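Student: This structure is in structure tokens; I'll ask about it shortly.
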Amino acid sequence: MTYCVALYLKDGLVMLSDTRTNAGVDHISIFSKMHVFEEPGDRMIALMTAGNLSLTQSVIALIQEGVELDGEIRTISSVNGMFQAAQLVGAAVRQVWKRDGHALKEQRVDFDLSIILGGQIRGDRVRLFHVYAAGNFIEATADNAFFQIGEHKYGKPILDRALTHNTPLEEGMKLVLISMDSTLRSNLTVGLPLDLIAYRRDALKLETRRRIGEDDPCFKEISDGWSQALREAFRSLPPPKWAD
């Protein structure tokens, strides 16, 4: 299992992923689910992956080596815009299905993957997409300003209550860390370390990229502060009138 979350904000993008993969309780490993393709001044593209690790690694390899798109071989470094980048990732997903889908079905293994793709290419605007296992995708909007993949239910309430498209980038980083902290506390299949990036619109390079471990003081301060704030908010609420 995994948890990845991405925010589509007026000022740019915030993306956060955990690193835990497991094939049973006795086989837990750390793999980065955040993949960044950055050419400062030209493009910053980031992908986060969830699902079958061998499938997602195949997709990442294909978009770097080249996939046929509109009669041409394209890579993540040569696409002309973010929509074409989403098309490229979708085409790579379908190519992996064509190669491995039947064999997986024979072994009763689901073709399980999902990808969040975000970034900006020079001459294009900031865009954020969610790519599904069929290779189709949807795009984030100002009204739907975040995507989640993996174990998303524990980290969704804070985003539903506090996030808007106008949330500042710094506040967005705080929100995704609270969202992840809620997930870490409730699901053991999601685990540290975390990978965090923040991208400011039109910068064409990352503003923040950080690996967050158990001893990270900033994350600990946010985690402890959020827990304390929840306890204080709970104690300040009056009991239901009918409780008497």
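The values are calculated or read from the model by the stated rules, or taken from the named source; none is laboratory data. Bear in mind the structure is a predicted one, so any value in this text is a computation, not a measurement. All Cβ positions, glycine included, derive from the backbone under ideal geometry; neighbour counts span all protein chains shown. Keep in mind that these areas ignore ligands, DNA and RNA; they rest on the heavy atoms of the full protein, side chains included. Shrake-Rupley method; radii C 1.70, N 1.55, O 1.52, S 1.80 Å.
Student: For the chain, take the longest principal axis of its alpha carbons; what is the angle in degrees between that and the long axis of helix 53-65, to the nearest 10 within 0 to 90?
Tutor: 50
Student: To continue, here is another question. Keeping every protein chain present and rolling a 1.4 Å probe, give me the accessible area per residue for the stretch 3-236 in Å².
Tutor: 50
Student: Grab the DSSP H runs of the chain that are 4 residues or longer, score each as -39,500 (n - 2.57), total them, divide by all residues and round the 222 nm result to the nearest 500 deg cm²/dmol.
Tutor: Rounded to the nearest 500, it is -11500 deg cm²/dmol.
Student: So, counting K/R as plus one and D/E as minus one, what does the shell of residues with Cβ under 14 Å around Gly155 add up to?
Tutor: +1
Student: Of His102, His165, which has the most accessible area with a 1.4 Å probe, and how do the rest follow in descending order?
Tutor: His102, His165
Student: Something else: Of Lys156/Lys241; Lys174/Lys220; Lys10/Lys174; Lys153/Lys174, which sit over 20 Å apart, Cα to Cα?
Tutor: Too far apart for the 20 Å limit: Lys156/Lys241.
Student: Tilt of helix 169-186 relative to the longest C-alpha principal axis of the chain, in degrees (0 to 90, nearest 10)?
Tutor: 80
Student: If you don't mind, another one. Filter the trypsin sites (Lys or Arg not before Pro) in the stretch 113-172 down to the DSSP loop ones having no more than 11 other Cβ atoms within 10 Å, then list what survives.
Tutor: Filter output for the stretch 113-172: Arg125.
Student: As a test of reading the structure, rank Trp97, Trp226 by solvent-accessible area (1.4 Å probe, protein chains only), most first.
Tutor: Reading off the accessible areas and sorting them downward yields Trp97, Trp226.
Student: In nm, to one decimal, how far is the modelled label at Arg231 from the one at Asp202, with both set 7 Å along Cα→Cβ?
Tutor: 4.6
Student: Let me ask something additional. Which of the aspartates and glutamates could a cross-linker span from Lys33 if the Cα-Cα distance has to be under 15 Å and same-chain partners fewer than 8 positions apart are dropped?
Tutor: Asp18, Asp112, Glu151, Asp195
Student: Using the alpha-carbon atoms, what tilt in degrees (0 to 90, nearest 10) does helix 217-236 show relative to the longest principal axis of the chain?
Tutor: Around 50 degrees separate the two axes.
Student: Give me the percent relative contact order of the chain, please, defined on Cα pairs under 8 angstrom at least 6 residues apart.
Tutor: Result for the chain is 27 percent.
Student: Tell me the label only: which of (1) 33.3, 126; (2) 17.6, 56; (3) 19.1, 72 is Rg and Dmax of the Cα atoms in Å as calculated from this structure?
Tutor: (3)
Student: Over the stretch 1-143, what is the relative contact order in whole percent, taking alpha-carbon pairs under 8 Å and six or more residues apart?
Tutor: Reported as a whole number, the value is 23 percent.
Student: Cα centroid distance between the stretch 170-184 and the stretch 22-93, in Å?
Tutor: Between the Cα centres of the stretch 170-184 and the stretch 22-93 lies a distance of 24 Å.
Student: If you add up the charges near Pro168, with Lys and Arg at +1 and Asp and Glu at -1, over every other residue whose beta carbon is less than 9 angstrom from its beta carbon, what do you get?
Tutor: -2
Student: Quick one: net charge around Leu194, please, counting Lys, Arg +1 and Asp, Glu -1 for every other residue with C-beta under 9 Å from its C-beta.
Tutor: Net of charged neighbours comes to -1.
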